[in-house]
Amino acid sequence: MPYPYVLLSAAVSLDGYLDDTGPERLLLSSPADFDRVDEVRASVDAILIGAGTIRADNPRLLVNSPERRAARVADGRAAYPLKVTVTATGDLDPAANFWHTGGEKLVYTTDKGAEQASRALGRTADVVSLGPALDWRALLEHLHDVRGVRRLMVEGGGTVHTQLLQQGLADELQLVLAPLFVGDPAAPRLFGPGSYQGGRLRLTETRWIEDVVLMRYEPTAPGTGPVPTAADRHWLRTACELAALCPPSETAFSVGAVVVAADGTELARGHSREGGDPVVHAEEAALAKLDPADPRLPGATVYSSLEPCSRRASRPAPCAELILRAGVRRVVTAWREPDTFVTAADGTGVLLSAGVDVVLLPEHEGRAKAPNAHLLP
């Protein structure tokens, strides 16, 4: 199911501590960076923090710039983003600043916590139970489908950041590094111990802001099995962008494909009719650039803007078969093949019957269809 774009935002010291160091809070960001954060807040649909951060920091989480609030209103949005918190127990202080500033408030909790949270807050906030336990995927799906949130900023704390990263749900990490050492062993760390998704993050931007440095990262390692991750969404977006590079055709779809190793290394990419070959398919073009004996292929994921073909007239082997021959065990795609050229095509069924995990991300279907609009009714 579609989720919002999840942006994690944090400021840390050189020794990795968050900017909450106890009763006397140490602010790590510079004034110019606080203004940058205000700009990011103004750009999102919702801001989320954990209940522990409300207790520890008592934040307001506002868009402070009147000009930015006015721009939101002119754009048809509320002056302030939706403010969201998460609590397993429902232990919330109704006097906290969080509840008495800004716009709408929303609490996600458990069946057990919902009663306590509703009793404490009354009509101050909407309280949504996620069931017997907190479920981040259910939370993000509800935010997207019910509350219309497309872009979510997460400002902590460390437990929330840890859980989202460990579950592969963070699309972007914005990390501000401050030129300070904290050294307090009791100070909260940015991330906690546990099992994180493998692979290196991709650095997408560095920016000098007064005496701090902003670094923006994206995850790269594909998910495993049938459960999608943020990195899957990034790579499928790349495949859809490749489809736009295809020479136009009235008799074949424009498709892009990327092959990515388990550690997030891009192995190959291709697109339909690449290199002047009028009948080459995207997955075929990408896989042809790899050694069939490459040991990374069995753990790789193929991202294709269109479902791999199961039948074709132009070559003996359809793309679903080429993927199976390569030993790839996972495919992520945006769009099931329509009956335009092949009736009842079912590359997904071919792959699933051979034990390959196939993940469909329909939120990218529009991107996949865009270069093929002339072929569709």
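The values are calculated or read from the model by the stated rules, or taken from the named source; none is laboratory data. Given the structure is predicted, the values throughout are model-derived calculations rather than measurements. Every residue, glycine as well, gets a Cβ built from its backbone with ideal geometry; the counts of neighbours run over all protein chains shown. Each accessible area value is taken on the protein alone, full model and side chains, heavy atoms only, with ligands, DNA and RNA left out. Shrake-Rupley method; radii C 1.70, N 1.55, O 1.52, S 1.80 Å.
Being touching a helix residue (DSSP H, G or I) at 6+ places or on another chain (Cβ under 7 Å) and not in a loop (DSSP other than H, G, I, E, B) is a description that applies to K83.
Candidates are the residues of region 100-113 that are farther than 14 Å from L139 by Cα and touching a strand residue (DSSP E or B) at 6+ places or on another chain (Cβ under 6 Å); the one that is least open to solvent (accessible area, probe 1.4 Å) is K105.
The number of residues in region 367-377 that are outside any helix (DSSP H, G or I) and in contact (Cβ under 8 Å) with a residue 24 or more places away in the chain comes to 1. Only a single item in (1) farther than 16 Å from R151 by Cα; (2) open to solvent by less than 40 Å² (accessible area, probe 1.4 Å) is not met by V63, and it is number (1). Residues in region 345-377 that are farther than 24 Å from R330 by Cβ and loosely packed, with under 12 Cβ neighbours inside 10 Å: 4 in all.
Name the single residue, out of those in region 129-142 being touching a residue at least 40 places away in the same chain (Cβ under 8 Å) and open to solvent by 40 Å² or more (accessible area, probe 1.4 Å), that is farthest from D91 (Cα to Cα).
Narrowing region 129-142 to residues touching a residue at least 40 places away in the same chain (Cβ under 8 Å): 133-134, 137, 139-141.
The next check asks that each one be open to solvent by 40 Å² or more (accessible area, probe 1.4 Å); those that pass are 133-134, 137, 141.
Values: A133: 15, L134: 14, R137: 22, E141: 24 Å.
Filtering region 129-142 for residues that are touching a residue at least 40 places away in the same chain (Cβ under 8 Å) and open to solvent by 40 Å² or more (accessible area, probe 1.4 Å), the one farthest from D91 (Cα to Cα) comes out as E141.
Just the residues that are open to solvent by 70 Å² or more (accessible area, probe 1.4 Å) and more than 19 Å from T238 (Cα to Cα), please, taken from region 249-274. The answer is E250, T251. For R150, the conditions (1) open to solvent by less than 30 Å² (accessible area, probe 1.4 Å); (2) over 17 Å from G16 (Cα atoms) all hold with the exception of (1). For region 200-232, taking the residues that are in a loop (DSSP other than H, G, I, E, B) and hydroxyl-bearing (S, T, Y), the one that is nearest to the chain's Cα centre (by Cα) is identified as T229. Residues considered: Q163, Q174. Of these, the only one that is under 14 Å from V6 (Cβ atoms), in contact (Cβ under 8 Å) with a residue 12 or more places away in the chain, open to solvent by 60 Å² or more (accessible area, probe 1.4 Å) and not basic (K, R) is Q163.
Can you tell me which residue in region 196-247 is least open to solvent (accessible area, probe 1.4 Å), limited to those that are of a type in the set (S, T, N, Q) and within 16 Å of V358 (Cα to Cα)? Give the steps one after another, and end with the answer.
Keep residues of region 196-247 that are of a type in the set (S, T, N, Q), which gives 197, 204, 206, 220, 224, 229, 238.
Next cut, within 16 Å of V358 (Cα to Cα) only: 224, 229.
Numbers: T224: 114, T229: 12 Å².
So, considering only residues that are of a type in the set (S, T, N, Q) and within 16 Å of V358 (Cα to Cα), the one least open to solvent (accessible area, probe 1.4 Å) is T229.
Just one of the numbered conditions (1) without any contact (Cβ under 8 Å) to a residue 40 or more places away in the chain; (2) assigned to a loop (DSSP other than H, G, I, E, B) is not true of E250; which one? With (1) without any contact (Cβ under 8 Å) to a residue 40 or more places away in the chain; (2) assigned to a loop (DSSP other than H, G, I, E, B) applied to E250, the lone miss is (1).
Have a look at D126, D75, D145 and point out the one that is modelled with pLDDT of 95 or more, surrounded by fewer than 19 Cβ atoms within 10 Å (Cβ to Cβ) and in contact with a Pro (Cβ under 8 Å, 6 or more places away or on another chain). Even if it seems obvious, please write down each step before you answer.
Working: D126 fails: in contact with a Pro (Cβ under 8 Å, 6 or more places away or on another chain); D75 fails: in contact with a Pro (Cβ under 8 Å, 6 or more places away or on another chain).
Exactly one residue qualifies, and that residue is D145.
From the list A32, A56, the lone residue that is surrounded by 15 or more Cβ atoms within 10 Å (Cβ to Cβ) and assigned to a helix (DSSP H, G or I) is A56. Screening A317 against (1) over 30 Å from R151 (Cβ atoms); (2) of a type in the set (A, V, I, L, M, F, W, C); (3) open to solvent by 20 Å² or more (accessible area, probe 1.4 Å); (4) modelled with pLDDT under 95 leaves a single unmet condition, (3).
With the condition kept exactly as written, say whether any residue in region 291-312 is open to solvent by 70 Å² or more (accessible area, probe 1.4 Å), out of contact with any strand residue (DSSP E or B) (no Cβ under 6 Å at 6 or more places or on another chain) and either touching a residue at least 60 places away in the same chain (Cβ under 8 Å) or among the basic types (K, R) (or both). The answer is yes, given that some residue of region 291-312 is open to solvent by 70 Å² or more (accessible area, probe 1.4 Å), out of contact with any strand residue (DSSP E or B) (no Cβ under 6 Å at 6 or more places or on another chain) and either touching a residue at least 60 places away in the same chain (Cβ under 8 Å) or among the basic types (K, R) (or both). Examine region 177-191 for a residue that is modelled with pLDDT under 95 and part of a strand (DSSP E or B), and state whether such a residue exists. Scanning region 177-191, I find at least one residue that is modelled with pLDDT under 95 and part of a strand (DSSP E or B), so the answer is yes.
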